[in-house]
Amino acid sequence: MATIVTRELTKRYGETVAVDGLDLELRRGEVFGLLGPNGAGKTTTILMMLGLTEPTSGTVEVLGFDPARNALDVKRHVGYMPDAVGFYETLTGRENLRYTARLNRMPSPEGQIDGLLGTVGLGAAADDPVGTYSRGMRQRLGLADALLKSPDILILDEPTTAIDPEGVSEMLTLIRSSADAGMTVLLSSHLLHQVQEVCDRVAIFVRGRVAAEGSPSELAESNPGPEVVEVGLDSDADLFDHLDGVPFVEDIASGRAPRTWRVTVAPGTTSDLMAVLVASRARVISLTRLDHDLDAVYRRHFRREGAHV
Amino acid sequence: MSDTAALHPSVDRAEMRPGHFTAGWRIVARKELADHLLSARFAVLIAVLGVAAAAAVFSASGGIRDVAPAAQGIPALFLKLFTVTTDPVPFPFVTFIGFLAPLLGIMFGFDAVNGERAQGTLPRLVAQPIHRDEVIIGKFVAGLTVIGLMLAALTLFVSGIGIYRLGIVPTAAEVSRLAVWLVLAIIYVGLWLALATAASVFFVRAASSALVSVGTWLVLALFGNFLFRALAGLFASADNQIANLTAQVAVSRISPITLFTEASSLLLDPTQRATGLVLSTQVDRALVSNLSLGQSLLVVSPQMIGLLAMTAVVFAAAFVAFMRQEVRA
């Protein structure tokens with residue numbers, strides 16, 4: 001069942017087109033990743049879904065409501081955690097959540113507030129003023145705040161930006177379990193490698209348009225691009241000497257560790273590269289494919305889009 | 001902290017409909033009011049205003065005690081507590097409210113909206129199920145409530161000291177005049193609250209909006225007279241004194257401080273029947289008598305309506321600007 005549907009959704013600020021004819025369909029119980037660089041139009045899209053900014057043209061439907069006309073119906077069912085989420089510094093974490101509960105007219109929120117503060121790992125800091133919180137703690141409080149109204153849809157704008165790696169995986173686990181409990185989760189991020197594992201589907205969003213959409217594995221398969229291989233040699237020999245003039249080698253650069261090289265080859269030619277290396281008697285001790293995750297897909301799209309600038 | 005639970009013990013999510021629960025602006029106002037009352041600025045303001053009010057009323061009551069034995073039948077003696085002064089205190093209570101109370105309005109409004117922006121709480125707040133206008137209305141109502149509380153407390157404080165020092169109690173007529181004056185003062189300070197709130201919408205930084213509001217206040221309070229004299233010169237030459245003075249009075253009524261001062265003196269002095277320029281020929285052989293409250297209200301209505309209209313216009317500007325503003329800065 002579709003919970004958020006956008007059709008030809010467009011937002012212009014003067015000459016600038018922030019969102020350009022966006023068509024999306026989000027289903028119940030899935031985690032949908034809206035991935036793209038900063039300034040791609042992710043936040044603008046989210047604000048239109050919440051009725052906080054009006055589309056220039058096109059439509060959004062959230063749970064069957066038009067956010068521009070029935071903003072309250074939408075906001076009653078959507079939990080939102082904005083980018084760089086902020087709280088009232090002099091109030092405690094618990095008091096901040098209480099205010100949100102009151103704004104949502106929750107009759108007796110204390111139990112839920114306690115539970116959520118525990119879930120996001122802020123049980124001990126619940127009664128400290130938010131002014132003393134780290135950015136990661138604020139972000140976790142932001143998730144609790146968005147979950148407080150038991151929303152049908154959870155919209156998270158850059159939820160992992162300021163958190164340490166361990167916090168990220170906890171956050172992602174929480175997000176995953178929210179979706180498994182039946183929520184629709186829309187996740188916006190520019191840190192693709194962090195969030196791809198938790199997303200059922202992703203849309204790669206560049207300059208207001210969707211460059212690619214599908215499950216992470218589909219995307220990786222359907223977008224064959226250059227393959228990147230890290231080659232390790234057992235001597236200080238220069239790999240250029242071995243690969244000079246090989247037609248399918250697109251790029252050679254030094255790798256992260258000493259005596260390793262990063263070689264970019266045409267799609268489907270990694271095995272040919274091995275054959276060439278063996279034939280040229282290069283003393284290869286390791287060979288690793290690097291481009292199997294979405295990062296490469298993502299980078300490729302940015303490069304392609306960037307070419308139009 | 002109790003909450004709406006007591007009112008709606010068994011409201012189910014599905015039954016929640018607009019109208020069945022607390023209006024959003026009330027929830028916002030309640031939170032803002034709690035913030036104001038617990039804030040350092042509230043404590044500082046009440047201390048400063050309390051000391052100034054005490055000085056004013058001690059000076060006034062001293063002056064009244066000095067002349068009291070010689071004077072007979074001074075009309076509305078109790079209200080003189082608010083309008084007269086003696087050395088070394090330069091202002092009577094009313095004048096000092098006219099001068100200092102704008103600070104009250106500015107203090108509780110200058111960071112109303114840009115403060116939420118700076119803390120990053122605005123996007124979260126407007127994403128809750130309340131209308132966007134309820135945010136600014138709730139904040140304005142909370143500000144007005146604090147201002148009303150403080151002004152009422154100050155007025156009662158001054159009255160109390162006066163009763164103690166003079167040993168006279170106010171008559172019913174005097175109490176009702178004071179009550180009307182209190183409403184006037186709240187509208188007046190509400191204007192400054194609206195101005196500061198508007199500045200907090202237009203300026204991203206709280207420092208800028210505070211500076212602009214305080215600047216407006218200081219220019220009108222300190223340099224108003226020079227400005228109005230210069231402006232009046234454009235309409236009527238200084239050679240024709242009466243025309244020039246009339247023009248000065250007319251121009252000075254642009255300033256809410258003038259309107260408030262005029263209205264205050266009309267309300268708190270029942271013998272006053274006009275403001276502005278009064279020639280001695282106009283009052284020649286007039287009997288000194290007290291106006292009834294109704295008559296005073298008639299005389300004062302242009303000033304009161306003027307102040308109310310200014311407050312409404314300035315708040316409307318803040319309101320419209322806030323509604324049209326993007327949530328993101």
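The values are calculated or read from the model by the stated rules, or taken from the named source; none is laboratory data. Everything numeric here is computed off the predicted structure, so don't read it as measured data. Note: ideal-geometry Cβ built from the backbone for every residue, glycine included; neighbour counts use all protein chains shown.
Please find, among A:L219, A:L239, the residue that is under 30 Å from A:D23 (Cβ atoms), buried (at least 16 other Cβ atoms within 10 Å of the Cβ), at pLDDT below 85 and of a type in the set (A, V, I, L, M, F, W, C). Steps first, answer last, please.
Numbers: A:L239 fails: under 30 Å from A:D23 (Cβ atoms).
Testing whether each residue is under 30 Å from A:D23 (Cβ atoms), buried (at least 16 other Cβ atoms within 10 Å of the Cβ), at pLDDT below 85 and of a type in the set (A, V, I, L, M, F, W, C) leaves just A:L219.
Can you go through B:A112, B:A196, B:A179 and tell me which one is under 22 Å from the mean Cα position of the chain (by Cα), touching a residue at least 12 places away in the same chain (Cβ under 8 Å) and in a helix (DSSP H, G or I)?
On the way: B:A112 fails: in a helix (DSSP H, G or I); B:A179 fails: touching a residue at least 12 places away in the same chain (Cβ under 8 Å).
So the residue among B:A112, B:A196, B:A179 that is under 22 Å from the mean Cα position of the chain (by Cα), touching a residue at least 12 places away in the same chain (Cβ under 8 Å) and in a helix (DSSP H, G or I) is B:A196.
Do we have any residue at all in the range A:192-203 that's of a type in the set (K, R) and not in a strand (DSSP E or B)?
Residues of the range A:192-203 of a type in the set (K, R): A:201.
Still in the running and not in a strand (DSSP E or B): none.
The answer is no, given that none of the residues of the range A:192-203 is of a type in the set (K, R) and not in a strand (DSSP E or B).
Can you tell me how many residues in the range A:84-109 are free of Cβ contacts under 8 Å to residues at least 12 places away in the same chain and either charged (D, E, K, R) or more than 7 Å from every other protein chain (Cβ to nearest Cβ) (or both)?
The qualifying residues number 3.
Name the residues in the range B:279-329 that are within 14 Å of chain A (Cβ to nearest Cβ) and buried (at least 16 other Cβ atoms within 10 Å of the Cβ), would you?
Our first condition is that a residue be within 14 Å of chain A (Cβ to nearest Cβ); within the range B:279-329, this holds for B:322-329.
Within the range B:279-329, B:F322, B:V327 meet the criteria.
Across the range A:108-128, what is the number of residues that are more than 26 Å from A:S169 (Cβ to Cβ), acidic (D, E) and in a loop (DSSP other than H, G, I, E, B)? Walk me through it before giving the result.
Step one: list which residues in the range A:108-128 are more than 26 Å from A:S169 (Cβ to Cβ), which gives A:108-111, A:127.
In the following step, the residues that additionally are acidic (D, E) were identified as A:110, A:127.
Keeping just the survivors that are in a loop (DSSP other than H, G, I, E, B) gives A:127.
Total meeting the criteria: 1.
To keep it simple, each residue is scored yes or no on (1) of a type in the set (A, V, I, L, M); (2) in the same structural domain as A:V74 (by TED's automatic domain parsing); (3) closer than 22 Å to B:V126 by Cα.
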site	(1), (2), (3)
A:R105	no, yes, yes
A:D114	no, yes, no
A:V120	yes, yes, no
A:A126	yes, yes, no
A:L143	yes, yes, yes
A:K149	no, yes, yes
A:T161	no, yes, no
A:G167	no, yes, no
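Regarding B:Q272, is this residue farther than 22 Å from B:V183 by Cβ and not small (G, A, S)?
Numbers: farther than 22 Å from B:V183 by Cβ: no; not small (G, A, S): yes.
So B:Q272 does not fit the description; no.
Would you confirm whether or not the range A:260-282 contains a residue that is at pLDDT below 85, among the charged types (D, E, K, R) and not assigned by TED's automatic domain parsing to the domain that holds A:G39?
yes
For A:D73, work out the one condition from (1) under 20 Å from the mean Cα position of the chain (by Cα); (2) surrounded by fewer than 24 Cβ atoms within 10 Å (Cβ to Cβ); (3) under 24 Å from A:V85 (Cβ atoms) it doesn't fulfil.
(1)
Could you check A:R201 against (1) touching a residue at least 24 places away in the same chain (Cβ under 8 Å); (2) assigned by TED's automatic domain parsing to the domain that holds A:L147; (3) more than 15 Å from the chain's Cα centre (by Cα) and say which number it fails?
If we test A:R201 against (1) touching a residue at least 24 places away in the same chain (Cβ under 8 Å); (2) assigned by TED's automatic domain parsing to the domain that holds A:L147; (3) more than 15 Å from the chain's Cα centre (by Cα), just (3) comes out false.
Any idea how many residues of the range B:36-61 are free of Cβ contacts under 8 Å to residues at least 60 places away in the same chain and assigned to a helix (DSSP H, G or I)? Spell out the reasoning first.
At the first step, the residues of the range B:36-61 found to be free of Cβ contacts under 8 Å to residues at least 60 places away in the same chain are B:38-40, B:43-44, B:47-48, B:51-52, B:55, B:59.
Filter again for assigned to a helix (DSSP H, G or I), leaving B:38, B:40, B:43-44, B:47-48, B:51-52, B:55, B:59.
Number of matching residues: 10.
Restricting attention to the range A:35-61, and to residues there that are within 8 Å of chain B (Cβ to nearest Cβ) and touching a residue at least 40 places away in the same chain (Cβ under 8 Å), which single residue is farthest from A:A125 (Cα to Cα)?
As a first pass, look at the range A:35-61 and keep what is within 8 Å of chain B (Cβ to nearest Cβ): A:43, A:47, A:50, A:52-53.
Keeping just the survivors that are touching a residue at least 40 places away in the same chain (Cβ under 8 Å) gives A:43, A:50, A:53.
Working: A:T43: 30, A:L50: 30, A:T53: 34 Å.
Among those that are within 8 Å of chain B (Cβ to nearest Cβ) and touching a residue at least 40 places away in the same chain (Cβ under 8 Å), it is A:T53.
Residue check, B:V141 against (1) within 17 Å of the chain's Cα centre (by Cα); (2) hydrophobic (A, V, I, L, M, F, W, C); (3) under 25 Å from B:V94 (Cβ atoms), all met but one. Which one?
Here B:V141 meets the rest and fails (3).
Of all residues being in a helix (DSSP H, G or I) and more than 9 Å from every other protein chain (Cβ to nearest Cβ) in the range A:139-154, which is surrounded by the fewest Cβ atoms within 10 Å (Cβ to Cβ)? Just the residue, please. Break it down stepwise before answering.
Within the range A:139-154, the subset in a helix (DSSP H, G or I) is A:139-147.
If we keep only those that are more than 9 Å from every other protein chain (Cβ to nearest Cβ) too, we end up with A:139-141, A:143-144, A:147.
Details: A:Q139: 24, A:R140: 27, A:L141: 25, A:L143: 24, A:A144: 27, A:L147: 22.
Out of the qualifying residues, it is A:L147.
Need the failing condition index for B:R124 against (1) buried (at least 18 other Cβ atoms within 10 Å of the Cβ); (2) away from chain A (no Cβ under 14 Å), just the number.
(2)
Could you grab the pairs with beta carbons closer than 8 Å, sequence gap of 6+ or different chains, first residue in the range A:62-83 and within 7 Å of another protein chain (Cβ to nearest Cβ), second one part of a loop (DSSP other than H, G, I, E, B) and among the small types (G, A, S)?
The qualifying pairs are A:K75/A:G51; A:K75/B:A127; A:Y80/B:A127; A:P82/B:G120; A:P82/B:A127.
Based on what the data block shows, is B:A118 closer than 30 Å to B:P92 by Cβ and surrounded by fewer than 18 Cβ atoms within 10 Å (Cβ to Cβ)?
Here the answer is no, as B:A118 does not meet what is asked.
Have a look at A:G79, A:G33, A:G51 and point out the one that is surrounded by 16 or more Cβ atoms within 10 Å (Cβ to Cβ), more than 18 Å from B:A127 (Cβ to Cβ) and assigned by TED's automatic domain parsing to the domain that holds A:G136. Give the steps one after another, and end with the answer.
Numbers: A:G79 fails: more than 18 Å from B:A127 (Cβ to Cβ); A:G51 fails: more than 18 Å from B:A127 (Cβ to Cβ).
So the residue among A:G79, A:G33, A:G51 that is surrounded by 16 or more Cβ atoms within 10 Å (Cβ to Cβ), more than 18 Å from B:A127 (Cβ to Cβ) and assigned by TED's automatic domain parsing to the domain that holds A:G136 is A:G33.
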